[in-house]
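Below is one structure, written out as structure tokens; comments come after it.
Every read-out reported here was derived from the displayed coordinates using simple, explicitly stated rules and does not represent laboratory data. Note that the coordinates shown come from a computational prediction; the quantities given were computed from them, not determined experimentally. Neighbour counts are summed over all protein chains in view; Cβ atoms, including those assigned to glycine, are modelled from backbone coordinates with ideal geometry.
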Amino acid sequence: MSTTATSVVDIDAAGIDAWLDANWDPDLPVRAWWARLATDGLANPVLPPPFGRGWPRSRANDLARAMVTRGALGPPAGLGMMLAAPTLLAHGSTELAERFVPRILDGEHGWCQLFSEPGAGSDLAGLQTRAERDGDEWVITGQKVWTSLGQWADYGILIARTAPDLPKHRGISYFVFPMRQDGVEIRPLREMTGRALFNEVFIDEARVPHDHLVGELNDGWRVANTTLMVERSSIGGESVAAPSAAIPGTISGHLDRPAGSFANDVPVLGEGMVGPGRVKSLIALARQNGTIDDPTIRQDLMRLHTMLEITDWHIGRMKSGNAATGGEGNLAKLRNSDVTRLAREVAGRILGPGATLTGPDAPSGGRLQEMVLFSPAPSIYGGSDQVQRNIVGERALGLPKEPGPDRDTPFRDLPANG
Ligand SMILES: Cc1cc2nc3c(=O)[nH]c(=O)nc-3n(C[C@H](O)[C@H](O)[C@H](O)COP(=O)(O)OP(=O)(O)OC[C@H]3O[C@@H](n4cnc5c(N)ncnc54)[C@H](O)[C@@H]3O)c2cc1C
């Protein structure tokens, strides 16, 4: 089998299994396997052509399941696929989308999200990182934090203040930011899982070409809201793809490894996510150690399964254009926090004292332990549970806005962190 060309099998005519029979080969380098997926619009098949195939979510789900069944490496995962691609397609120029999205889909570029700052998380519009125009470029200075996968990113989606004289939501712009340049220092932060998923990023007069602006100048808050909406519904369970432990981009060194060599590695975003696969592994573990006979454990496993099914219907309704409130993504993210907390409690009861052990010799190879240690994170990233509730209250239920600084006061006149 050639390592570069995709086979000529038309997946819509021949079916998913025929396409995988002809194309999946564990000996292919990751780069070649991902190129095959991307060339046939299967890296993210729900995207419209030419990037995807315009498939409904259910068909993308069928592909993901078929890939898991045969142990095929999933498409490039991470923040390029989850956040940058949909935002560029919604707000970027045609030139920006055509330049960057294909390299996200074939995994050649890794991406990160440069939004949060030490003084701007929930109050993201209070960000201090500034961008100043210098001819055809912007000069960026500031500090970002909690930048997941930043240490392996070729590019970041970055928001920075371009007009401090305008009110805080109206003077922000959104850029495609090249990470590998002078003036960018990335310091990994270790979490209690033992892994360093996220980083501090110090930016000192780094440069961005003007044509990397996404959307209009000073309209970055609107663009960022698209990213945040996509992020919340993705965390809530919208994305469907087979899992991948290969980190996209030129820095991790994964592109040249055989695609079949990742079968036992940790997925790109760690072991923290709780989806149907995790519930199945909890059920298998409970069967194995006999705790399945405990009716309260059985009941909670069923509750977990039910919560995930309902979330899936909820997302399906949202995707079919029948969203009733506009807060569906926020609700899905809140539900994900509940699912994670319940999974953590059940895992603890199934494993007993074994839940405190980490490492490959521990029960479940340490995977559930990592999920337990990671479990506080989903109720924080992508906007905390409290912030999701504020948004649902204000935007979906029409409740009065929280008191805060005057939305018409120029940013430079606001008290710092006010
Ligand atoms: C694992 C992980 C990965 C992350 N990855 C990224 C990333 O890749 N890129 C990125 O840009 N950011 C990332 N983040 C940052 C994340 O978006 C922020 O942590 C989050 O938005 C909260 O901001 P903060 O940490 O500054 O907390 P704060 O905003 O200081 O909030 C502290 C507490 O106060 C509460 N609070 C604050 N304001 C209100 C309010 N108005 N009403 C009610 N309660 C409120 C919050 O709910 C929270 O409990 C990540 C975070 C985590 C945990």
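Of the residues Gly383, Ala35, Gly92, the one whose Cα sits farthest towards the positive end of the charge dipole of the chain is Gly383 (charges of +1 on Lys and Arg Cβ, -1 on Asp and Glu Cβ, taken about the Cα centre). Springs join every pair of Cα atoms under 10 Å in this Gaussian network model of the chain, and among Ala362, Ala241, Ala35 the largest mean-square fluctuation is at Ala362.
Here the Kirkwood formula, the inverse mean of 1/r across different C-alpha pairs, assigns the chain a hydrodynamic radius of 22.6 Å. To the nearest 0.05, what FRET efficiency results for Ala196 and Ala416 with a Förster distance of 30 Å applied to their C-beta separation? Calculated value: 0.55.
Once Rg and the Kirkwood radius are both taken over the C-alpha atoms of region 271-383, their ratio Rg/Rh works out to 1.02. When each of the peptides 40-49, 402-411 is scored by the mean number of other C-beta atoms lying within 10 Å of its residues, the order from highest to lowest reads 40-49, 402-411.
Sorted fewest first by neighbouring Cβ atoms within 10 angstrom, His91, His305 come out as His305, His91.
When each of the peptides 246-258, 70-82 is scored by how many other beta carbons lie within 10 Å of its residues on average, the order from highest to lowest is 70-82, 246-258. Taking the fewest neighbouring Cβ atoms within 10 Å as the starting point, the ordered list for Phe198, Phe115 is Phe198, Phe115. For region 255-298, the square roots of the Cα gyration tensor eigenvalues, ordered a ≥ b ≥ c, give a/c of at least 1.5 with a/b greater than b/c, which places it in the prolate category. Our summary gives the chain a relative contact order of 17 percent, counting only alpha carbon pairs under 8 angstrom and 6 or more residues apart.
Using the Kirkwood formula on the Cα atoms of region 357-408, what hydrodynamic radius do you get, in angstrom to one decimal? In region 357-408 this quantity evaluates to 14.0 Å.
Helix-only arithmetic for the chain: the sum of -39500 (n - 2.57) across DSSP H runs with n ≥ 4, divided by the residue total, places the mean residue ellipticity at 222 nm at -11000 deg cm²/dmol.
For region 107-226, the dipole from Cβ point charges (+1 on Lys and Arg, -1 on Asp and Glu) about the Cα centre works out to 440 debye, to the nearest 20.
Show me the helices of the chain, taken as full DSSP H stretches, that run 27 Å or more along their long axis by Cα and average -1.0 or above in Kyte-Doolittle hydropathy. Sorted by number, the helices that extend far enough and score high enough are 295-319, 328-351. Here's the picture: charge each Lys and Arg Cβ at +1 and each Asp and Glu Cβ at -1 in region 271-383, and of Phe374, Ile350, Thr340 the one pushed furthest to the positive end of that dipole is Thr340. For region 107-226, a/c is not less than 1.5, where a ≥ b ≥ c are the root eigenvalues of the C-alpha gyration tensor, and a/b tops b/c. That puts it in the prolate class. Among Asp361, Asp123, the order by Cβ neighbours within 10 angstrom, fewest to most, reads Asp361, Asp123. Considering the dipole of region 107-226 built from charges on the beta carbon (Lys and Arg +1, Asp and Glu -1) around the Cα centre, which of Leu124, Tyr174, Gly220 is farthest to its positive end? Positive-most Cα among the choices belongs to Leu124.
Charged neighbours of Gly121, selected by a Cβ distance under 14 Å, balance to -4 (K, R count +1; D, E count -1).
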